[in-house]
2 protein chains.
Amino acid sequence: MSPDRLDQLRGVYRDGLLGDTLPFWTEHCVDSQHGGFMMSLDRDGTVLDTDKGVWQQCRFTWLLAELYNNVQPNQQWLDLAQHGCDFIDRHCFDPSDGRMWFHVTRDGEPIRKRRYAFSEAFAAIAYGELFQATGDDSYRTKAVRAFEGFVKQSLHPKASDLKFTGTRSMKGLGVPMITIITAQELRDSIGMSDANEWIDRSIETIRRDHMRPELECVLENVGPDGQFIDHFDGRLINPGHSIEGAWFIMNEGKYRSDTELIQLGCRMLDWSWQRGWDSQYGGMLYFVDAKGLPVQEYWHDMKFWWPQNETIIATLLAYHLTGDTKYAHWHQLIHDWAYSHFPDRQHGEWYGYLHRDGRLSSPVKGNLWKGPFHLPRMQLMCWRLAEQ
Amino acid sequence: MSPDRLDQLRGVYRDGLLGDTLPFWTEHCVDSQHGGFMMSLDRDGTVLDTDKGVWQQCRFTWLLAELYNNVQPNQQWLDLAQHGCDFIDRHCFDPSDGRMWFHVTRDGEPIRKRRYAFSEAFAAIAYGELFQATGDDSYRTKAVRAFEGFVKQSLHPKASDLKFTGTRSMKGLGVPMITIITAQELRDSIGMSDANEWIDRSIETIRRDHMRPELECVLENVGPDGQFIDHFDGRLINPGHSIEGAWFIMNEGKYRSDTELIQLGCRMLDWSWQRGWDSQYGGMLYFVDAKGLPVQEYWHDMKFWWPQNETIIATLLAYHLTGDTKYAHWHQLIHDWAYSHFPDRQHGEWYGYLHRDGRLSSPVKGNLWKGPFHLPRMQLMCWRLAEQ
């Protein structure tokens with residue numbers, strides 16, 4: 001990768017983050033009346049739905065405090081992070097069991113709780129950054145408690161929280177992946193003492209149970225002991241998801257100067273790229289089948305924003321760590337395809353949902369699932385990488 | 001509509017049903033080893049997943065017995081219906097609470113139960129047709145019990161079966177719609193004595209709560225007293241679904257010689273056609289927003305098979321009942337678009353999932369949701385209508 005290209009990329013990521021993504025959200029989503037953030041925005045920032053997704057409350061709070069801690073101590077960012085945290089504290093926990101909601105009204109009345117506990121993981125990293133930003137010990141306590149809530153619900157759910165019977169138990173890639181990134185973040189922000197054990201255990205779960213050398217893929221769902229389940233769910237590959245996991249593991253290898261972990265992450269990236277890169281239209285597909293059979297989910301061949309974001313990070317990081325020009329080439333392919341299809345030139349930020357061929361499916365900028373997270377995290381990480 | 005066109009249509013529907021759809025399924029889906037039907041089929045009929053969806057077990061059993069009762073007393077159809085019924089009896093009920101499963105393994109071990117109870121409604125109509133075919137009173141008893149299970153779970157679910165908190169209660173169009181068609185079927189097959197009350201009550205619920213003259217649309221979800229909920233879920237229109245409900249009500253008007261009911265059904269069709277017909281590419285869209293805003297579900301603009309099937313029925317029935325040439329024109333538009341995009345010329349039957357512009361998204365012929373139901377029901381109904 002030429003110095004010119006790197007220099008240009010650094011500007012694209014940095015200016016995109018600070019001059020486009022962040023202002024889009026800070027201008028449109030802050031609810032000064034009821035607190036928190038309204039994230040269901042139309043392409044021009046108009047609020048489409050005043051409801052609040054708990055994931056996005058936590059993730060934007062994390063992002064703002066992360067930027068405060070790592071980019072510049074901008075008081076507006078810290079104030080907004082505390083504004084988000086205040087809403088989370090007041091409205092996003094169910095006092096009856098301590099678990100978090102998934103979806104609340106504008107004024108914080110609960111609408112829905114999910115069986116799983118990713119809200120808790122995103123809350124943990126938000127609290128962690130706020131501890132780092134302020135030194136207020138109560139944030140550290142809340143970060144630890146939220147992380148404990150996440151792992152407890154993920155590893156030992158109540159019987160009434162199970163979606164399936166015990167006939168064919170399955171476990172997903174999401175839990176070990178989110179455990180890795182959450183523990184990495186908390187190691188960084190609050191110095192969580194058992195972070196490394198959680199990370200080691202989760203990487204081992206992915207390596208042993210989800211990675212299939214005989215199929216050269218990372219499976220989204222496997223049996224409790226890593227059994228291959230030859231049904232729709234068991235054959236499912238979510239390339240953007242496993243590529244996200246790949247860079248979590250590469251980053252761990254970088255942190256520990258552990259070449260084997262870097263190679264493990266690169267293998268996940270290699271396999272997932274081969275499965276997910278759409279050689280016909282470009283971009284990363286959403287779902288593919290491990291045996292090349294049809295997938296049950298009907299949105300399987302759409303191009304969502306976040307798998308592209310995660311692939312841009314992973315390819316740039318792999319190039320940075322290995323110097324292998326294959327990754328520079330892949331990075332150029334995915335970066336160029338994504339940047340030629342997703343950005344909204346008129347109103348800023350990225351669209352989230354394109355058809356397979358890159359045409360727009362939905363103009364929304366945010367909803368319960370899309371908010372200021374994957375795109376700005378990519379911009380932040382790749383800006384830093386391009387500087388190194 | 002010219003006699004020639006009607007004659008040609010009759011052949012398309014009849015031959016499609018008896019020469020294509022039905023043989024596709026009877027040749028590929030019957031599980032002679034474990035009973036029941038394996039419905040997750042690739043385009044050529046290869047089994048993609050041996051699991052069994054309970055909806056499809058019940059619906060195919062219904063179809064086979066319905067054909068036996070109404071087309072010809074073909075013993076193979078009755079034998080297969082009893083083969084399906086046997087699997088339903090043995091494997092599709094949870095003995096712990098009497099409710100039905102949604103998804104079981106090939107050999108009938110339970111995988112998943114849903115919070116709602118549409119399995120029970122589909123079982124009821126299957127049992128009903130088998131009573132009519134055989135005169136065996138135990139089928140009538142089972143039909144009544146399954147219908148009671150459906151209405152009990154739909155109207156009075158246990159607190160633990162609720163997906164949402166009570167903060168913003170919502171009710172869906174599915175329950176009154178399925179109540180109407182199930183009661184109509186059971187009136188016909190077992191002479192269910194309180195069918196008319198269930199039908200009247202459900203039509204009134206749709207008319208009063210889901211139909212919105214000020215918006216000229218049928219809302220998929222409303223508050224308990226029909227309140228408009230100005231959020232993603234409350235603004236949702238599922239045109240194919242409300243058009244399906246429209247022909248249930250038109251058919252009731254035909255049965256009772258009640259012009260007002262026919263007009264009510266036609267109004268639902270008119271509104272839903274205006275919202276759902278894709279004037280750019282043709283075909284019925286999956287979801288649209290009552291205020292013309294973006295929809296949250298990402299598959300909103302795909303063309304699924306069943307909304308086309310239901311619209312073909314509704315437009316032909318509306319033309320049959322009113323003679324209004326507008327409906328003949330709409331029927332031609334939807335029939336021609338669907339028949340030029342959905343049939344698989346090589347392996348028979350219809351694809352289920354196309355992109356907005358009519359290109360193929362997934363080649364599957366069946367899965368937990370698609371099976372021998374909407375298409376053959378359309379072919380049967382429209383064959384009969386074209387003969388009248």
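The values are calculated or read from the model by the stated rules, or taken from the named source; none is laboratory data. Everything numeric in this text was worked out from a predicted model, so none of it was measured. Note: ideal-geometry Cβ built from the backbone for every residue, glycine included; neighbour counts use all protein chains shown. SASA here: full protein model, heavy atoms, side chains in, ligands and nucleic acids out. Shrake-Rupley method; radii C 1.70, N 1.55, O 1.52, S 1.80 Å.
See the values below:
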{"quantity": "Residues of region B:99-118 that turn out to be in contact with a Lys or Arg (Cβ under 8 Å, 6 or more places away or on another chain), more than 9 Å from every other protein chain (Cβ to nearest Cβ), under 22 Å from B:Glu148 (Cβ atoms) and touching a residue at least 40 places away in the same chain (Cβ under 8 Å), as a count", "calculated": "4"}
{"quantity": "B:His300 without any contact (Cβ under 8 Å) to a residue 12 or more places away in the chain, open to solvent by 10 Å² or more (accessible area, probe 1.4 Å) and on the phi < 0 side of the Ramachandran plot", "calculated": "no"}
{"quantity": "Single residue of region B:333-354 satisfying the filter (among the acidic types (Asp, Glu) and either within 14 Å of another protein chain (Cβ to nearest Cβ) or assigned to a loop (DSSP other than H, G, I, E, B) (or both)) that is farthest from B:Ala314 (Cα to Cα)", "calculated": "B:Asp344"}
{"quantity": "A:Asp161 vs. criteria more than 24 Å from A:Trp25 (Cβ to Cβ) and modelled with pLDDT of 95 or more", "calculated": "no"}
{"quantity": "Filter pass, B:Ile237 being over 24 Å from B:Ile181 (Cβ atoms), touching a strand residue (DSSP E or B) at 6+ places or on another chain (Cβ under 8 Å) and either in the same structural domain as B:Tyr353 (by the TED database) or without any contact (Cβ under 8 Å) to a residue 60 or more places away in the chain (or both)", "calculated": "no"}
{"quantity": "Sole exception among (1) within 14 Å of another protein chain (Cβ to nearest Cβ); (2) open to solvent by less than 60 Å² (accessible area, probe 1.4 Å); (3) assigned to a helix (DSSP H, G or I) for A:Ser160, by number", "calculated": "(2)"}
{"quantity": "Failed condition for A:Asp357, given (1) within 17 Å of the chain's Cα centre (by Cα); (2) within 14 Å of another protein chain (Cβ to nearest Cβ)", "calculated": "(1)"}
{"quantity": "Flag if A:Thr167 is within 14 Å of chain B (Cβ to nearest Cβ), farther than 22 Å from B:Lys163 by Cα and either hydroxyl-bearing (Ser, Thr, Tyr) or surrounded by fewer than 24 Cβ atoms within 10 Å (Cβ to Cβ) (or both)", "calculated": "yes"}
{"quantity": "Residue identified as touching a Cys at 6+ places or on another chain (Cβ under 9 Å) and either open to solvent by less than 30 Å² (accessible area, probe 1.4 Å) or not charged (D, E, K, R) (or both) among B:Ile111, B:Ile88", "calculated": "B:Ile88"}
{"quantity": "Residues (touching a residue at least 24 places away in the same chain (Cβ under 8 Å) and assigned to a strand (DSSP E or B)) located in region B:24-73", "calculated": "B:Val30, B:Phe37, B:Ser40, B:Leu41, B:Leu48, B:Asp49, B:Lys52, B:Gly53"}
{"quantity": "Flag for A:Lys52 being within 14 Å of chain B (Cβ to nearest Cβ) and modelled with pLDDT under 95", "calculated": "no"}
{"quantity": "Residue count for region B:281-318, restricted to those that are of a type in the set (A, V, I, L, M, F, W, C) and more than 14 Å from chain A (Cβ to nearest Cβ)", "calculated": "7"}
{"quantity": "Residue that is farthest from the other protein chains (Cβ to nearest Cβ) [pool: residues in region B:122-145 that are within 18 Å of B:Pro176 (Cβ to Cβ) and touching an Asp or Glu at 6+ places or on another chain (Cβ under 9 Å)]", "calculated": "B:Ile125"}
{"quantity": "Meets criteria (touching a Cys at 6+ places or on another chain (Cβ under 7 Å) and away from every other protein chain (no Cβ under 14 Å)) for B:Thr322", "calculated": "yes"}
{"quantity": "Residue check for B:His83: at pLDDT 95 or above, open to solvent by 10 Å² or more (accessible area, probe 1.4 Å), outside the structural domain of B:Trp369 (by the TED database) and more than 28 Å from B:Arg14 (Cβ to Cβ)", "calculated": "no"}
{"quantity": "Lone qualifier among A:Glu185, A:Glu129 - being modelled with pLDDT of 95 or more, part of a helix (DSSP H, G or I) and outside the structural domain of A:Cys58 (by the TED database)", "calculated": "A:Glu185"}
{"quantity": "Qualifying residue in region A:374-381 (condition: open to solvent by less than 20 Å² (accessible area, probe 1.4 Å) and touching a strand residue (DSSP E or B) at 6+ places or on another chain (Cβ under 7 Å))", "calculated": "yes"}
{"quantity": "Residue within region A:227-241 that is of a type in the set (Asp, Glu), on the phi > 0 side of the Ramachandran plot and at pLDDT 95 or above present", "calculated": "no"}
{"quantity": "Residue check, B:Leu269 crowded, with 17+ Cβ neighbours inside 10 Å, farther than 30 Å from B:His28 by Cβ and not hydroxyl-bearing (Ser, Thr, Tyr)", "calculated": "yes"}
{"quantity": "Residue check, B:Gly292 open to solvent by 20 Å² or more (accessible area, probe 1.4 Å) and in the same structural domain as B:Ile203 (by the TED database)", "calculated": "yes"}
{"quantity": "Unique match (being within 23 Å of A:Leu269 (Cα to Cα), touching a strand residue (DSSP E or B) at 6+ places or on another chain (Cβ under 8 Å) and crowded, with 21+ Cβ neighbours inside 10 Å) among A:Gly352, A:Gly371, A:Gly358, A:Gly366", "calculated": "A:Gly352"}
{"quantity": "Odd one out for B:Asp278 among (1) crowded, with 22+ Cβ neighbours inside 10 Å; (2) away from chain A (no Cβ under 12 Å)", "calculated": "(1)"}
{"quantity": "Residue satisfying all of: in region B:136-157; of a type in the set (A, V, I, L, M, F, W, C) and modelled with pLDDT of 95 or more; most open to solvent (accessible area, probe 1.4 Å) among these", "calculated": "B:Val144"}
{"quantity": "Condition check for B:Ile262: open to solvent by 20 Å² or more (accessible area, probe 1.4 Å) and either of a type in the set (Gly, Ala, Ser) or in the same structural domain as B:Asp200 (by the TED database) (or both)", "calculated": "yes"}
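Residue by residue, here is whether (1) touching a residue at least 12 places away in the same chain (Cβ under 8 Å); (2) among the β-branched types (Val, Ile, Thr); (3) open to solvent by less than 10 Å² (accessible area, probe 1.4 Å) holds:
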{"site": "A:Tyr286", "(1), (2), (3)": "yes, no, no"}
{"site": "A:Leu316", "(1), (2), (3)": "yes, no, yes"}
{"site": "A:Ile334", "(1), (2), (3)": "yes, yes, yes"}
{"site": "A:His341", "(1), (2), (3)": "yes, no, no"}
{"site": "A:His347", "(1), (2), (3)": "yes, no, no"}
{"site": "A:Leu385", "(1), (2), (3)": "yes, no, no"}
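For (1) open to solvent by less than 10 Å² (accessible area, probe 1.4 Å); (2) farther than 30 Å from A:Leu293 by Cα; (3) out of contact with any Gly (no Cβ under 9 Å at 6 or more places or on another chain); (4) more than 14 Å from chain A (Cβ to nearest Cβ), each residue gets a yes or a no:
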{"site": "B:Thr21", "(1), (2), (3), (4)": "yes, no, no, yes"}
{"site": "B:Glu27", "(1), (2), (3), (4)": "no, no, no, yes"}
{"site": "B:Gln33", "(1), (2), (3), (4)": "no, no, yes, yes"}
{"site": "B:Met38", "(1), (2), (3), (4)": "no, no, no, no"}
{"site": "B:Leu41", "(1), (2), (3), (4)": "yes, no, no, no"}
{"site": "B:Phe60", "(1), (2), (3), (4)": "yes, no, no, yes"}
{"site": "B:Asn69", "(1), (2), (3), (4)": "no, yes, yes, yes"}
{"site": "B:Asn74", "(1), (2), (3), (4)": "no, yes, yes, yes"}
